[in-house]
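To start, the structure under review is shown below, and the notes come after it.
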């Protein structure tokens, strides 16, 4: 069985710039270790991607912090992580979840037996959104998230998102409470 890693939004703005947190900084080395544990052809990544008109969008009105504006330093995947992703298929996404990613995974699962693991930022927004999209697209594919390789907007929201995913039959690995599902 082929195992696919999806690295969600390990971009500068989410790590240590516009929306960065100490928890996001703390997972960087674990995410790099996780990427190295997969064959390069089995690693996929996403990038939150907005335009200059971000503040005029629904998301911008609800989260009025300019971030991940295409072409800016904050939009870039952190360089030491990007080096590990140089051969990865990267999906730019204008919102929390990537329908293109879920379609790609659905197509892949139709051709071979796969499992999907997610890691990245932020647990309670983009990680959970993509995990739920994938679960809806390929309900019989084992979807997991590595809690130790994710960080939420706050530690409390991280834990809440893990609980939501667990409720939706997404496996939570390295879970702080030790529950496997």
Rel. contact order, % - alpha carbon contacts under 8 angstrom, at least six apart, the range 13-77: 35 percent
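By the gyration tensor of its Cα atoms, with a ≥ b ≥ c the square roots of the eigenvalues, what is the shape of the range 13-132: rounded for a/c under 1.5, prolate for a/b over b/c, or oblate?
Numbers: a/c = 1.90, a/b = 1.34, b/c = 1.42.
Verdict is oblate for the range 13-132.
For 70, 30, which order do you get if you count the other beta carbons within 10 Å of each Cβ and list the fewest first? It would help to have the intermediate numbers written out before the result.
Values: 70 13, 30 16.
Listed from fewest to most nearby Cβ atoms, that is 70, 30.
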So how tilted is helix 22-36 from the main axis of the chain? Cα-based, degrees 0 to 90, rounded to 10. 40 degrees
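As a footprinting exposure proxy, order 1, 82, 47, 10 by other Cβ within 10 Å, with the fewest listed first.
Numbers: 1 7, 82 15, 47 20, 10 27.
With the fewest neighbours first, 1, 82, 47, 10 line up as 1, 82, 47, 10.
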Using 7 Å Cα-to-Cβ label points, what is the residue 113/residue 55 separation (nm, one decimal)? 5.4 nm
Just need the relative contact order of the range 98-181 here, percent rounded to a whole number, with Cα pairs under 8 Å and 6+ apart. 30 percent
Using a Gaussian network model of the chain with C-alpha springs under 10 Å, which one of 127, 25, 43 is most mobile by mean-square fluctuation? 25
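Quick one: if the Förster radius is 41 Å, what FRET efficiency do residue 18 and residue 174 give, using the C-beta to C-beta distance and rounding to 0.05? List each step's numbers first, then the result.
Working: r = 27 Å, r/R0 = 0.67.
E(calc), rounded to 0.05, equals 0.90.
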Take the chain, connect every pair of alpha-carbon atoms lying under 10 Å apart with a spring to form a Gaussian network, then pick out the residue of 122, 68, 168 with the largest mean-square fluctuation. 168
What distance in nm lies between label points placed 7 Å from Cα along the C-beta direction at residue 62 and residue 167? 1.7 nm
Acute angle (nearest 10 degrees) that the helix 155-167 long axis makes with the longest principal axis of the chain, alpha-carbon atoms: 40 degrees
What's the angle, to the nearest 10 degrees (0 to 90), between helix 128-137's Cα axis and the longest principal axis of the chain? 40 degrees
Added length on full extension, which subtracts the Cα-Cα distance from 0.36 nm per residue, residue 142 to residue 95: 14.5 nm
Zone reached by a paramagnetic label modelled 7 Å from residue 80 Cα along Cα→Cβ, restricted to the range 1-17 with backbone N below 20 Å, covers 7-17
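We did not get these values from a lab; they are worked out from the coordinates using the rules stated. Since this is a predicted model, take the numbers as computed values, not measurements. Neighbour counts run over all protein chains shown; Cβ positions are idealised from the backbone, glycine included.
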